[in-house]
1. Taking every residue in A:340-350, how many Cβ atoms of other protein chains lie within 10 Å of its Cβ, on average?
2. Lysines near A:K375 by alpha-carbon distance under 21 Å, same-chain residues fewer than 8 away left out - which ones?
3. Mind checking the full-extension length gain between A:K245 and A:R263? Use 0.36 nm per residue of separation minus the Cα-Cα distance, one decimal, nm.
4. For A:T185 and B:L46, what does the FRET efficiency come to when R0 = 25 Å and r is the distance between their Cβ atoms, rounded to the nearest 0.05?
5. For A:S116, what charge total do you get from the other residues with a beta carbon under 11 Å from its beta carbon, if Lys and Arg give +1 and Asp and Glu give -1?
6. Put a dot 7 Å past each Cα toward the Cβ at B:L322 and B:A304; how far apart are the dots in nm?
7. If packing is taken as the mean number of other Cβ atoms within 10 Å per residue, what is the order of B:265-272, A:283-290, highest first?
8. Please list log₁₀ I(q)/I(0) at q = 0.09, 0.10 Å⁻¹ for chain B, using the Debye equation with identical point scatterers on the alpha-carbon positions.
Amino acid sequence: MTTLRTITERGVRMLPIKQSTRIAWAASLGLSLLLLSLPWLVRLDGHSHADWQQFLGRFHPLAVHLPIGLLVLVPLLEVVGALRPALREAAGFVLALAFASCLVALSLGFLLAYGSGDSGAGVSRHLWGGVVLTIVVLICLLARPQWHAKGVGYAYPTLLACMLIALVWTADQGGSLTHGNNYLTQYMPAGMKRVLAFGTTPSASFYARHIHPILDANCSSCHGEGQAKGGLRMDSYELLMKGGKDGAVIVAGNSGKSVLFQRITLPPDHKQFMPAEGRPPLQPEEIRWIKAWIDQGASQTVAKLDGITIREELPEAPIVPVGDYSSLMPEIQKMALGQGAKLKQVSAKPSDGLVLFTVDAASTFDDAQLAQFQKFAPYIVEAELDRTALTDACFDTLKQFTNLRALHLEETKITGSGLAKLASLSHLSYLNLSGTQVTAASAASLNSIKSLRHVYLYNTPAQPAPAATRASQPATPAVEAAQPKEKSAQ
Amino acid sequence: MKQHPLCTDTEHVTNVLDLAIPAQVKQEWAELQTRRHFLGRAGKVLGWAAAASLLNNRALRGDNYSAAGAPGGDSLKFPNFAPRAKRAIYLFMSGGPSQVDLWDYKPNLAAQFDKDLPDSVRGSQQLTGMTTSQARFPVAPSHWAFKRYGESGTWVSDLMPNMGRIVDDLTIIKSTNTEAINHEPAIMLMNTGNMNAGKPCLGSWLAYGLGSMNDNLPTFMVLQTKLNTDENNQPVSSRLWSSGFLSSEYAGVGLRSAGDPVLYLSDPNGVDREVRRKMLDAVNEINRQTYEELGDPETNSRIAQYEMAYRMQSSVPELADLSKEPQSTWDLYGPDARVPGTFAYNCLMARRLAERGVRFTQVYKRGWDMHDNVTKILPIICRETDRGCYALITDLKQRGMLDDTLVIWAGEFGRTVYSQGGLTPDNYGRDHHPRCYTTWMAGGGVRPGITYGETDDYSYNVVKDPVTVRDFNATILHCLGIDHNKLTYKFQGLDQKLTGPVPASVVSGLLA
């Protein structure tokens, strides 16, 4: 107590202030100490507690955004306040409000962690961040009147800067708990990732390439470094195999007895289903990989599993939403009622794009008619132009179909001289040139289209029809011979 | 002007600007008023928007989510999501193909020859009247050997050497199971999702939901294979491709297996196309008057069908003209394909229909109902179908059509592992078996080269990953971009759907 007293007295000597202010400082000091000792007063023991605590606690993610917004606003008000004094006056109020909401958010957060039995390094980091931030805000609140009265001094601005840093760090920790560590960087452009050196070079084992990424994306936000619900961590092979407080979750060689596999294959509405709390279930493919991996020994090093072939070199391009074409809808609908070429929506979701059908006008549909579809070009994802009167000139129009994924040109007069123009179609994955005059030489230009997955040259000079295949003899691989990167990927 | 109840802020109030007060005060007032109005109105708008979103917004809009009413109206409802397959070809094996002899390899059965099927396997199952009085149920192992094929190493019976070559393209389901044990209810259940007649079949639901991809051929076509009297045939009839309570324009249109593909499609002598057109116009006019008088939507269906028939007068002869098919086609499908009405011909026809934008083609092959004499009949029917199935898949694949075409091969049930009637080393019979049977799919949306589901050592019960008929149908709809719970039609007070009222689920393990 003597230390406390000395500090208080020194504070009083340094700052010649009124009695009320002194009380405020003393009260603040007491509160700060209380906050600092909170993690020891009530330990996070990793067990879940009363339901009411969880109920209230779950409002933490909701409440926490209020102080964040207010705290960002304070420095802004102070700075802009140099020009508009009225704004600076508001800053004091906003800061006080921020402090109050900090206290609320901190209490709710603590209830959440304690109530739901969260523990782990991430949770404690976030908790400490919250405590420190609240204290810094409190000091800001105390320091501000002096700074304001004198209008000079660096203490308060420095405190504000510290507050901002603490805020960003704490918020980031909290975000990682909710969404997982790689949430922000997951979709970072590959080039940017390389520059910033995110992610490490993947090892060649099946676990490293396929199992770990699944667990990382779906499980590690609750079972990782940040939180370790049920004492289980899945962010490394050793920790995964070690299991949680109820024992191992993986029984090598027996997926049926592995708790991990049991829990991910329950009906999604089951209480014990994982990933929990309404997070999306694993993909059937991922479940299949996990099953095969466990059944075949759950090894960290094995590179290949029996019965599992993964076409990872050539992933199908994800569907890219097309732009808004609602203004063209009347025209599209009118077209659909008449005879002839028409556009139809891929699905009820307009952003899935349009398909161009020409089957009813095939013999008369020529390059000039295709050119009339230019204004729809960016919205067309598939063009069925087979058996039309199109010639090589069509590629000048087609190269503007920038969202095109599938292109049918079978049985047309194409010779392939303009195929290289398709190189601008960065989403093109399917191209059917069967029954055209395309030669091996002109088809070679397709190799520059990186997105192409399915190329068909059946019955063309590039790939003549197989002469007299007898059903009783082994068939020659008739498809896709001219496209070495195609790996029967349908 | 009648005031909208939500817009209370436009009530008439005394306008300060009209009062006799200094202009400066007016100006001040105008500024205040603007801000107040803005804030006040914004507050109200936000409040109502929040209220609207809190209340069920469907209730506010007052619309019905079911697809009642003709699709292709104001807003497109189907496909619900981007489909993997645009069209489907369904090879229906009527009679119940024997999974024991074709797909479901059980090497251990050889040692069980003529031993009684353990009671524990059959359990309390009620059998058909044909075998229920049998004194014993002797196990009849398959007469044929099996071989492993493809990268997937799938076991396929020697009866189907050509199918063996494409197993890596197939998605084989060994755990299909049905609730019906006799042909009529089972085949209705498979096709319409209900054992009783009167419900729309899969093809009609697809036609209703997805509509046509072309103007000149029907959305849903049915090809029947010529009767082979060496086999044991069960009748099929148009009830299987009926549109049930849906508009009759969604019913399947059959192509005949002999003579004119469509009866009375050709103009009679002395009637040219122009006369036909005039006649149709007159008939349509009369039909329209009838519609205006009575308002029966079936009248509109009739007009649409007359028009379709008129267009089919030119599209069907072109479809049936195989003279332009190159030699490689005949090499692939075999010599049978030249004879109209054979299974191979129908497979070729199914490919031609798919090329011409037909959404759904169903090929019926009868003759799989082998209660006796399996060793004689089964090779005949396998010879008849093995090449056609192989050729269809291979042809679709080489032409790049397998990417967006779903091919389905299924019967209404399987056959028993025990022999019906006498069992000899050379011959046996097999009764109907609903508890497990093998089906396969290939192409758009399904995962190639896998076998899904497992049966017990007697190919009698499903032990892993059962696929019910409704799951099977839900999965087919899924491949075509349809959520089976959303494809509904209000009839008799219910939102009717193909998969029926019992919960069904898409079999995600089958999907690519």
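1. If you average over the peptide's residues, the count of other-chain Cβ atoms is 4.
2. Straight-line reach from A:K375, under 21 Å: A:K334, A:K342, A:K344, A:K349, A:K399, A:K421.
3. Contour length minus the Cα-Cα distance gives 4.9 nm.
4. FRET efficiency, A:T185 to B:L46: 0.10.
5. Taking every other residue near A:S116 into account, the sum is -1.
6. Computed distance between label sites B:A304 and B:L322 equals 3.2 nm.
7. Output ranking for B:265-272, A:283-290: A:283-290, B:265-272.
8. -0.69, -0.81
The values are calculated or read from the model by the stated rules, or taken from the named source; none is laboratory data. All values reported here derive from a predicted model rather than from experimental measurement. Note that each Cβ is placed from the backbone with ideal geometry, even for glycine, and that neighbours are counted across all protein chains shown. Please note that ligands, DNA and RNA were not included when accessible areas were found on the heavy atoms of the full protein model with its side chains. Shrake-Rupley method; radii C 1.70, N 1.55, O 1.52, S 1.80 Å.
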